[in-house]
Every structure is written in C-alpha cells, then in structure tokens.
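Everything on this sheet refers to the single structure shown next.
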Amino acid sequence: MPPEAATSRPLVMADVAAHAGVSHQTVSRVVNGHHSVAPQTRERVQRAITELGYRPNVAARALVTGSTRTIGLVTVKINQYGPAQTMLGLESAARAAGYSVSVSILDDATAVAMREAVDRFVSQSVDAVVALTTYDDAAEALRMLEAPVPLVAVQVGGGENHLAVGVDQETGARLLTRHLLDLGHATVHHVAGPADSQEARGRIDGWRSELAAVGAPVPEPLQGDWTPSSGHAAGRCLAARMRAGERVTAVFAANDQMALGLLAALHEEGLSVPGDVSLVGFDDLPEAPYFTPPLTTVRQDFAELGRRGVQLVLARLSGVDLRPEPVPPSLIVRASTGPPPAASAPRV
C-alpha cells in the first residue's frame, strides 16, 4: 500500500527514497534533473515515483532551489506552420531537459505586447524567457528589454544583450534559386513574405544573392503575406504579365502556403506546373508532397531549432557562453520543377 494511503498524508521524497532503496539526496537529484546519478539508479527512482504516484511540490522546491524549472515562451501568430512547429520543438526539448513551458501567444507583434508578456513571466518566477517571432516590432522590443532572467530569441535577431538561434533563411533561399537556375531557367521570380518579417527578408536576400552570383536578371518581387490567398493573387498577376509578353518560367514562393495559392491560380489560367512554370516553396509542409504536382521546397528542422533554443537557455542558466550556429535547411526536390519551356509563348 502506498505510504500516502497508509498515513493519509502527502507523499514526500523520503517515501520515494525508501521505496527505491536510495538516499533522500539521490531522489532530490533525480527530481531536479542533475546529471550526477547513475542511469540504473535514476531508472529505479523514476520507477518508484511512478509506482507511488509521487508529485514533486514545485512551490517548495522553488523556495529551496530558487528555480521553478519553467521556461516562459512568448510567440506570435501561432496559426502559421513555422511558429507552431517551432513551439512544439521547443516544448519537446524543454521537457526532455526536465523543464515545463508556460506559453503566452500574442495577437500582434508589438513592442508593448512583448514587454508586457516578458514582465508577466518574470512575475511568475520563470527561470528564463524564450521569444519566438520574426517580426520587426517584437525584435525591437527584445533589443530594448532588460530582464532579470535569461532572454533568448528564436527565429529573430536577439541584439547585443540577448542571444538568438534560427534557421539559415538566406541559405535556404539560395538552395532553391540555384536549383531552378541549374535546370536552365534564365531567372527566378519571387513572391515575398510580409515586409516586416525578418524571415521573409532573409529569403529575399538569399534569392537576390544567388541571382547576382550568376549575373541573372533580378525581377521586382511580388508582395505576399504568407497566406494562400496572397499567393493566388500573385499567380494571377504573373499570368497577366505572361499574357503581356513577359517571360516567366520559374517562381520562388516564400512559403508553401503561398505556393499552394500560386498553383491554383496558374491552373486556373491554363498554365502547367512545371511544363510552363516551375514552382518552389519554403518550409516543407506535411501536405507539400501531396500538392498537384508535389512541391519542391526547403525543409526547416524545427525539432533541431527547438533543441538548440533550449540548449542556449540552459547554457545561459549555467553561465556558459554558447554561440549556436544557425540550423541548416535542406532542399527537397519534387515534381513541381523542371527545365524551362521552349522560347515560344506558353499557353495562357
């Protein structure tokens, strides 16, 4: 019979220690995530915790250790695939490190909202705060913030006082652009993300740099907002240009959702992908292999991004000066890209 049932009192570490045949200090080390415990002993203690149904008293532990083992996560526009997957990666990595995550989802990426969210987390005695966003207002707020706990930025520049980790957006864009140029396209048109997004600007920079590296023309980019509807509008615009005589054979949409809208618009205009126009996206949505045709894109490793974000938090908590490298993207080639059509006008 569990001690709690026998004594009608809450379970304590001593009960777990007696059940596992270890010292109270060993149980404390396991509960608090210390690494100085042999794997077999750690497993025995964790089994005892499970069998007894022991739940550590977080408030009491915080009073003793000064740590709640909680990370505050501030994020924006979680309805988009990239931020949602990055949040899941961060939560998974934090849990593996013995931390819980408290989340604050902002409707708008404003400096005021960011400051208020960080202040709330500090008042809750979190051990650190992670800011997950790509927008300029939030980035500016991070640069101005002075927090009494480590503050780490993910997918956005952290500034002088706060370290940051992210996916190498520029390299991802260069991979896609180079892939299209290697297929024989004279240039690549681009449908960009929001102007206030650092991710979107990184992708524009990579696209421009790769075109410039081979002396290819750099068309004026079309403006999108990450949504399929903005990609659809861009596709209609490009089809109109083609009717007017402009040669458009390859398009790089700044994310897969806009690429989906582009696919629909080009199909409505009687254009074949990749027969008339090759199309690439960015992110590698789970649905991307099932587009018609399957979409060539760049994959961002959000699980690795989350792991590195938590690794950076733990380094700051330990006083270690860690400067993580950007997470490298990978090119995923599918059926939406091919050689350019002959110089004769495409069907529109």
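Restricting attention to region 88-115, which residues are surrounded by fewer than 16 Cβ atoms within 10 Å (Cβ to Cβ), in contact with a strand residue (DSSP E or B) (Cβ under 9 Å, 6 or more places away or on another chain) and assigned to a helix (DSSP H, G or I)? Correct list: ARG95 only. In region 142-167, of all residues being farther than 21 Å from ASP119 by Cβ and surrounded by 18 or more Cβ atoms within 10 Å (Cβ to Cβ), the one that is modelled with the highest pLDDT corresponds to VAL167.
Annotation: of all residues in region 260-284 being hydrophobic (A, V, I, L, M, F, W, C) and touching an Asp or Glu at 6+ places or on another chain (Cβ under 9 Å), the one that is surrounded by the fewest Cβ atoms within 10 Å (Cβ to Cβ) is LEU260. Being in contact with a helix residue (DSSP H, G or I) (Cβ under 9 Å, 6 or more places away or on another chain), part of a helix (DSSP H, G or I) and small (Gly, Ala, Ser) is a condition met by no residue of region 143-159.
Kindly establish whether THR177 is modelled with pLDDT of 95 or more, over 28 Å from the mean Cα position of the chain (by Cα) and surrounded by 17 or more Cβ atoms within 10 Å (Cβ to Cβ). In short, no. Candidates in region 75-87 are the residues that are assigned to a loop (DSSP other than H, G, I, E, B) and not β-branched (Val, Ile, Thr); of these, the one that is nearest to ASP301 (Cα to Cα) is GLN80. With a requirement of 1 or more residues that are modelled with pLDDT of 95 or more, hydroxyl-bearing (Ser, Thr, Tyr) and not assigned by TED's automatic domain parsing to the domain that holds LYS77, the helices (runs of 4 or more DSSP H) lying completely within region 213-322 that satisfy it span 228-243. Does GLN257 meet the test of being surrounded by 17 or more Cβ atoms within 10 Å (Cβ to Cβ), within 30 Å of GLY319 (Cβ to Cβ) and either in contact (Cβ under 8 Å) with a residue 40 or more places away in the chain or not hydrophobic (A, V, I, L, M, F, W, C) (or both)? Judged against the criteria, GLN257 is not a match.
The values are calculated or read from the model by the stated rules, or taken from the named source; none is laboratory data. Bear in mind the structure is a predicted one, so any value in this text is a computation, not a measurement. Here the Cβ is made from the backbone with ideal geometry for all residues, glycine too, and neighbour counts use every protein chain on show.
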